[in-house]
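Student: Quick one: this structure, given as structure tokens, is what I'll be asking you about.
Laboratory data are not the source of any read-out in this text; all were calculated from the coordinates shown. In this text, all values refer to a predicted model and were calculated from it rather than measured experimentally. Neighbour counts run over all protein chains shown; Cβ positions are idealised from the backbone, glycine included.
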Amino acid sequence: MDRVQVAHQPNRVVGWVSRTRDFLVGVREEMKKVTWPTRDELVKATRMIVVLSIVLGVVIGLMDWLLQLIFVEGIARLAR
């Protein structure tokens, strides 16, 4: 059985550089196709995310408090 030998290491380096360059050129072309949000859209979306995060935090906090009240305090009262 014949073995295939890699004779030219510089070709591997050149191939890697070429593939990397092609990849970056492709990324640049795709980034030009992206429809970026306007400043107003970005500010509106950011505000919405902050408000929803606060609301979700409050809901989780209330659920934690309620479940703690039910399970910890309720079970402690039953044990008395």
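Student: May I ask which residue of 23, 74, 52 lies farthest towards the positive end of the charge dipole of the chain, with charges of +1 (Lys, Arg) and -1 (Asp, Glu) on Cβ and the Cα centre as origin?
Tutor: 23
Student: Okay, moving on. Give the span of the chain's Cα atoms along each principal axis, as three whole-Å numbers ordered largest to smallest.
Tutor: 84, 51, 17
Student: Would you mind calculating the gained length between residue 20 and residue 49 on full extension (0.36 nm times residue separation, minus the Cα-Cα distance), in nm to one decimal? Kindly include the intermediate steps, with their values, before the conclusion.
Tutor: Numbers: separation 29, 0.36 × 29 = 10.44 nm, distance 3.61 nm.
The span from residue 20 to residue 49 would gain 6.8 nm if fully extended.
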